[in-house]
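Worksheet: one structure, shown below.
The values are calculated or read from the model by the stated rules, or taken from the named source; none is laboratory data. The structure displayed is predicted, hence computed values, not measured ones. Heads up, the Cβs are rebuilt from the backbone with ideal geometry, glycines too, and the neighbour counts pull from every protein chain shown.
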């Protein structure tokens, strides 16, 4: 029993490194049992006033900037250990200062964003103190977000995604690798985002674990590489390449997990002139039943 409890805690701890909208609740791991379900709440925020052309920072005389905050509601249901379905939908609060007819204008948008549905297929390999799995996840993003605001919270397109991932947990270390692709459709209001391809790679260290009380703490380093092909929105051209990385800390107790992460762009090359993506704060908390 102690061995099984320790392995479950390790799964909860180290699986919690998964972050961001590209991945699956609860923390990409739970539930691992038949007819299980879970919910996850996440906050992400980023702000930038850096104007770039290509990979160079340029003068920003009109004070162009962008702020995006999202509160995510996410859920999952497992038909079996290998088959699950998930949903993710954000409440968006955002603003930007852009140019209209040669003058700076502040634009805002608030409301529910686009709904993402995921269909998960997993294969596990478990040993005494180690677990590993591979996943294939087809997804669809449904245009539930409005395009009516000056800064639309949705783009009006139906998009299709596919991701492949592998992770491996040992008593001390964690590895997670994921590659994903989004085929983005043509939206409304002149918005047509380019397709997106990306890679996530996370490395974690289980720094403390209490097997008797089934709780622990983990530190991790997260890396994300994304490339969005050329597209267009109401500000002009979109697309570019972004490499961001940063630390995360996570707390786990029984079937509850929370974590805080912070990533900064270390390389960014954008199409035409755009405001930089900026540093991003992520906070997540989830529970499975």
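Tell me, please, whether a residue that is exposed (fewer than 15 other Cβ atoms within 10 Å of the Cβ), more than 22 Å from residue 31 (Cα to Cα) and under 25 Å from the mean Cα position of the chain (by Cα) can be found in the range 117-139. No: the range 117-139 contains no residue that is exposed (fewer than 15 other Cβ atoms within 10 Å of the Cβ), more than 22 Å from residue 31 (Cα to Cα) and under 25 Å from the mean Cα position of the chain (by Cα). Here residue 143 fulfils each of the conditions (1) modelled with pLDDT of 95 or more; (2) touching a strand residue (DSSP E or B) at 6+ places or on another chain (Cβ under 8 Å) apart from (2).
Residue under question is residue 48, and the condition is that it be buried (at least 17 other Cβ atoms within 10 Å of the Cβ) and either within 26 Å of residue 230 (Cβ to Cβ) or at pLDDT below 95 (or both); does it hold? Outline the logic, then answer.
Details: buried (at least 17 other Cβ atoms within 10 Å of the Cβ): yes; either within 26 Å of residue 230 (Cβ to Cβ) or at pLDDT below 95 (or both): yes.
Yes: the conditions hold for residue 48.
Considering the range 162-181 alone, what residues qualify as being surrounded by fewer than 21 Cβ atoms within 10 Å (Cβ to Cβ) and in contact (Cβ under 8 Å) with a residue 24 or more places away in the chain?
Here is the first cut: in the range 162-181, the ones surrounded by fewer than 21 Cβ atoms within 10 Å (Cβ to Cβ) are 162, 164, 166, 168, 170-173, 175, 177, 179-181.
162, 164, 166, 168, 170, 171, 172, 173, 175, 177, 180, listed by residue number.
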